[in-house]
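Chemist: To start, I am sharing the structure in question, which I have written as structure tokens.
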Amino acid sequence: MSEDFDAAKGSAAEMSIELHSAARLLRRNFDRRAKAHGLSRSRWQVLWHLSREEGQKQAELAERMDVAPISLTRQLDNLQREGLVERRPDPEDRRCFRIYLTEAAQPALELLRGLAQQTRAQALAGFSAAEVRQLHGLLARLRENLTREEV
């Protein structure tokens, strides 16, 4: 019994390393593709997060992106100057702004979606549809387990 437990602990440690390595390689692969189109990680992450949920407060967006608020402010300033995002006053809190994408951001988002598809296709090459569904389900459960402590 003890040997099984020790083997499971060792496998879990190896799994953690593999998971971290796979996530890093996914980001690097996507970054390389995005960089070829002039989109740095900090730029595409802001656009990507806003495409999933517009109208976030700057502080909320910084927390979701796991970046310092001051770093996000500079990035938002640049994206606003380029006409890709806009800050709107929060109707309930005069001290806050909510962040929205502009219509001008749509071509960049379409590009990002295509690059994401290319990256996923490379990462999942050789996987069956059933394996992809299983992987998705397992990763969702892992995330849910870790999210419980975040709230």
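Chemist: Taking the alpha-carbon centroid of each part, what is the distance from segment 47-113 to segment 14-42 in angstrom?
Modeler: That distance is 22 Å.
Chemist: Just from the alpha-carbon atoms, what are the Rg and Dmax of segment 39-115 in angstroms?
Modeler: Rg and Dmax of segment 39-115, Cα atoms, are 11.8, 38 Å.
Chemist: Give, in nm to one decimal, the length gained when the segment between ALA129 and GLN106 is fully stretched (0.36 nm per residue of separation minus the Cα-Cα distance). Please list the in-between numbers first.
Modeler: Numbers: separation 23, 0.36 × 23 = 8.28 nm, distance 2.98 nm.
In short, 5.3 nm is gained.
Chemist: Further question: Convex hull over the alpha-carbon atoms of segment 88-151: what's its volume per residue in Å³?
Modeler: 148 Å³
Chemist: Which loop-located GluC sites (Glu not before Pro) does segment 1-101 contain, where loop means any DSSP state but H, G, I, E or B and the Cβ has at most 11 other Cβ atoms within 10 Å? Walk me through the intermediate numbers first.
Modeler: Numbers: sites: GLU3, GLU14, GLU18, GLU53, GLU54, GLU60, GLU63, GLU82, GLU86, GLU92; in loops: GLU53, GLU54, GLU82, GLU92.
Sparse-neighbourhood loop GluC sites (Glu not before Pro): GLU53, GLU92.
Chemist: Within segment 46-108, which chymotrypsin sites (Phe, Trp or Tyr not before Pro) sit in a loop by DSSP and count at most 10 neighbouring Cβ atoms inside 10 Å? Mind showing how you got there, number by number?
Modeler: Working: sites: TRP48, PHE97, TYR100; in loops: none.
Here no chymotrypsin sites (Phe, Trp or Tyr not before Pro) fit, given the DSSP loop and packing criteria.
Chemist: Roughly how large, in nm² to one decimal, is the mean projection of the convex hull of the alpha-carbon atoms in the chain? Display every interim value, and only then the final one.
Modeler: On the way: hull surface 48.4 nm².
For the chain, averaging the hull's shadow over all directions gives 12.1 nm².
None of the figures in this text is laboratory data; all of them are computed from the coordinates on show. Keep in mind that this is a model prediction, so the values were computed, not measured. Cβ: placed from backbone, ideal geometry, glycine included. Neighbour counts: every protein chain shown.
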